[in-house]
Structures are given as C-alpha cells and as structure tokens.
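What follows is a single structure, written as structure tokens, with notes after it.
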Amino acid sequence: MEKCNNCNIFVYDDTGICPLCHSVLGEPTKEDEEKLGRFSPKASPYPDLKKRARILRFLLRLILFLFILAEALMVGINYYVTPGVWWSGICGVSMAYIYLSVVYWIRHDAGYAAKVGLQLTLTILLLFGIDYFTGMNGWSLQWAIPGVILVGDAIVFLLMMLNREQWYSYTILLLMIGLFSVVIIALYFLGVIANIVLPILCVGVTGAYILGTFLLGDREFTREMKRRFYV
C-alpha cells in the first residue's frame, strides 16, 4: 500500500504511480496507518484496478478461445455436412464482429465518435462478409451498406445536437462516412453496383452535411482539421 500526497488517496495496487494524477506514490505515515485502522481489513479507500484489469483480460481471452473453438467446430461440420453453403463463414464473421466490438468498447478510452466510427466500419465488413459467404449476390453493396452510411449520417447529426458545445469533435467521423459514400458511388461507376439511387443518396446527404458543417462551423471546423491533420 502506498499514498499519493497530491490526491490524498491510498493505493493498494502493485504500482508506483497514482492512477488519478500519475504522480509518484510515497509511503504512508504512522498517522495515515492509524486512520486506515478504522477501515475493515477488506476495505480499500481506492479500488484495486490491476486486479480488475487482470480479470477483464482473462475474460476477453476466454471469449476469444471459445469463439475460435466454436468456429473450428463449425467449419468441420460445414465441410462434411453442407459443403455447398458456407454458413460457418457467416458465423465466423459475426463472432469476430462481436468480439472486436466488445474489446474496443471495454478496453479503449476513446470518445463516442471513435467508437461509433469503428462500429459502423465493423458493421459494413460484417454485411459484406455475410454477402460473400452466401454467394456474393451484391445486396450488401447495393442496399445494406448504403443504408448503414445513411444511418451513420443520422447518428452524427444526433451526436452533434446532443453535444452542441463540442459538435466539431464529430467532424472526423463525418468525413469517414463521406469516404464510405465516395467508395459506394465509385463502385457504381466501376460496374459493381447496378442501381444508382442509394449511392447518389449517400453522396448527396453526406456531402451536403459536410458542406454545411464547413460553412456554418467556420473557425471550429478549421481548428478541428488543423488539430487532427496538423495543417
């Protein structure tokens, strides 16, 4: 047990740095030990963070281990029972989607913009993976992924409205969605997608949104771009 003189807390973790202010911890005085005597032996003025982190890492590794075993079993069953339909690939993509989502949302301290951006990306990959393992009919590129892009526009708008004081912090997420829209419209001109309605809708909505953010945001938008891209 050590004490942070800056935060005036006692840390029971096996660490020499305060988890709050990152100052170097020191030894508690006799007066401090007398104060701690009022607590029960199991009580802790500050939680054991490392113990919780170890438990969390173990649970995540256990989930990954079970997912790998399950996928290997399903691939074997798929190969010998129904070799014509690779449903095991869909299950594998779905489990990867679930695992990566859980890992990122639990272990990373990123803001909502980064987490929503990753979730949209994983969802797009999941839909494309399902389409690929079911014969690649193109429904993911034609309908599902453009729909996800439009949902992403709506989410960005909602986040900006809920956090109007720092709305500009979601501009990178908006630009990422804009990149997805450009890719979708490019696939149409490359002949991969037959219907142009949703690609044009994605580019139009996202483009108008980015333009409005740039014109109405003015200094905040410019400052955010400089902070992110160092320009």
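Quick look at the numbers
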{"quantity": "Selection status of E224, assigned to a helix (DSSP H, G or I), surrounded by fewer than 18 Cβ atoms within 10 Å (Cβ to Cβ), acidic (D, E) and not assigned by TED's automatic domain parsing to the domain that holds W87", "calculated": "no"}
{"quantity": "R38 at pLDDT 80 or above and loosely packed, with under 11 Cβ neighbours inside 10 Å", "calculated": "no"}
{"quantity": "Residues (closer than 20 Å to T121 by Cα and either surrounded by fewer than 20 Cβ atoms within 10 Å (Cβ to Cβ) or among the β-branched types (V, I, T) (or both)) located in segment 135-146", "calculated": "M136, G138, W139, W143, A144, I145"}
{"quantity": "Filter result for A43 (modelled with pLDDT under 80 and among the small types (G, A, S))", "calculated": "yes"}
{"quantity": "Among the candidates I184, I172, I149, residue that is among the β-branched types (V, I, T), in a helix (DSSP H, G or I) and surrounded by fewer than 19 Cβ atoms within 10 Å (Cβ to Cβ)", "calculated": "I172"}
{"quantity": "Enumeration of residues in segment 92-110 that are surrounded by 15 or more Cβ atoms within 10 Å (Cβ to Cβ) and in contact with a Phe, Trp or Tyr (Cβ under 9 Å, 6 or more places away or on another chain)", "calculated": "G92, V93, M95, A96, Y99"}
{"quantity": "Search result, residues across segment 72-105 that are of a type in the set (V, I, T) and assigned to a helix (DSSP H, G or I)", "calculated": "V75, I77, V81, I90, V93, I98, V102, V103"}
{"quantity": "Residues located in segment 94-135, provided they are outside the structural domain of M74 (by TED's automatic domain parsing) and over 14 Å from the mean Cα position of the chain (by Cα)", "calculated": "L126, L127, F128, G129, I130, D131, Y132, F133, T134, G135"}
{"quantity": "Selection count where residues are hydrophobic (A, V, I, L, M, F, W, C), under 27 Å from F214 (Cα atoms) and at pLDDT below 90, scope segment 174-204", "calculated": "3"}
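The values are calculated or read from the model by the stated rules, or taken from the named source; none is laboratory data. On a predicted model such as this, the values are computed, not experimentally measured, just so you know. Backbone-built Cβ (ideal geometry, glycine too); neighbour counts: all protein chains shown.
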